[in-house]
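The values are calculated or read from the model by the stated rules, or taken from the named source; none is laboratory data. Not measured: the values here are computed from a predicted model. Cβ sites come from the backbone with ideal geometry, for glycine too, and all protein chains shown count toward neighbours.
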Ligand code: ADP
């Protein structure tokens, strides 16, 4: 086997690139040989013109596993895997290097132990001054680690791409910076109805209803560009023209230097959810309409009840006057009838006042005017006022109280609350004793109204403080179902709480707790 010539500086520079300046003194072939031999990170070796290994360095030994003795004189094709040998890649590479002066390649090579390495290979043809081919300088770097990392990245990108493509529930696709569709997945096909071939390259504004298409897509990209992300829900159009309710997220995609490269768009079809929501809203609306109709019927009935006796008494009196003109009506009858009419008018005006309070509450116009007052004195007044009515219905009405409970509250409104609780106790606890307690408990003023009446079914208890709610049939008991709602609003407006404990057929206890000073001045508490 012909011994190849020692490498010259030129050939070494061809293979390795320019050599550092400090090497300019190393003219001697021995020193250059020493340098090349000791390089560890590069396999540097010479081939004769036929491809037999002519020299071998430390790096080559490290990369390929052969010692000098084992490899020198062997053909370099043994570094190639069988699939490359099958098409004679080693010979082709030498041919190209001889023709072009240089060849660079990356590919799998085989180590002595049979394992593979991913090598970056530069083969440089070495010619003598007359141009005759003397051999080749081969420089090889082991890029196996980099290759593995690249491969891992490629695989993970591939996996991600496959994942995105196969997702069915989400339309996931990319837009270029001007909003033209660049990729398409299965979910997009399922939700929007287009296959990839017919939609890629089209502008995404075609997914919008005509009235939105003229402005919305541009606005969305603008926001996503400016803020990085845009999210909304709205109607979109499928290929077949049908509408679907979409949840849309658009994310701006930028490369490392910040240039906008496009947008990722994720769309979900929330049509079913939207329809269910609409159904629920409709249901609530229907219930509200029903509650209103029921209320109108109860309210007109309640308002009519006092009107009938008034009308009867007045027309009776009118008839009496007309029958015997000039004589007048006996004073006793006049007094009795007018007293009765006045009572009914008071009842009417109380009902109207309740209605007015509800409309004041719903417009935020129910004002509290807190002043210093004694809750015991107020409760005593109410109890005294209603004791005759209670006793007429067979109930005793008693007050147990501390000498005084003074705080800053709206007197008129608390009177309304206590009156409502006491009249309810008389109404729903007729024939049984009723007790009212007033005192301080844990720095709160507390009023308790206890009856032993019909009680309230447990499932109704949480509802009775709502508007228009009545837990009894209107045939047996009158009332608009507003008293407790108003009492609840007034108590909360003071910063307090109203609650109930009740057992059907045994009785109810209503408890009002108030902080020493009213908190708000409007009910409900107006935002600052
Ligand atoms: P109403 O004018 O119908 O009495 P309220 O708002 O004062 O309206 O009360 C709401 C409902 O709570 C009543 O219809 C009744 O069913 C129930 N309720 C209130 N107080 C009592 C009570 N002391 N005992 C039993 N049920 C009561």
(Q) Regarding region 446-453, can at least one residue be identified that is surrounded by fewer than 19 Cβ atoms within 10 Å (Cβ to Cβ), away from the ligand (no atom under 15 Å from the Cβ) and either part of a strand (DSSP E or B) or at pLDDT 95 or above (or both)? (A) yes
Q: Could you check how many residues of region 508-528 are in a strand (DSSP E or B) and either more than 11 Å from the ligand (Cβ to nearest atom) or without any contact (Cβ under 8 Å) to a residue 12 or more places away in the chain (or both)?
A: 7
Q) residue 309 passes all but one of (1) free of Cβ contacts under 8 Å to residues at least 60 places away in the same chain; (2) within 20 Å of residue 467 (Cα to Cα); which number fails? A) (2)
Q: Go through the residues of region 114-124 one by one and say whether even a single one is over 57 Å from the mean Cα position of the chain (by Cα), in a loop (DSSP other than H, G, I, E, B) and within 26 Å of residue 46 (Cβ to Cβ).
A: no
Q) Condition test on residue 278, is it in a helix (DSSP H, G or I), within 31 Å of the chain's Cα centre (by Cα) and at negative phi? A) yes
Q. Quick one: how many residues across region 456-474 are more than 6 Å from the ligand (Cβ to nearest atom) and farther than 13 Å from residue 299 by Cα?
A. 10
Q | Scope region 404-431; condition within 15 Å of the ligand (Cβ to nearest atom), outside any helix (DSSP H, G or I) and surrounded by 20 or more Cβ atoms within 10 Å (Cβ to Cβ); matching residues | A | 429
(Q) Please go through region 127-146 and give me each residue that is in contact (Cβ under 8 Å) with a residue 40 or more places away in the chain and surrounded by 14 or more Cβ atoms within 10 Å (Cβ to Cβ), ordered by number. (A) 133, 134, 135, 136, 137, 138, 139, 140, 141, 142
**Q.** Test set (1) outside any helix (DSSP H, G or I); (2) at pLDDT 90 or above - residue 343 fails condition number
**A.** (1)
Q) Could you count how many residues in region 488-507 are within 10 Å of the ligand (Cβ to nearest atom), under 16 Å from residue 446 (Cα atoms) and in a strand (DSSP E or B)? A) 1
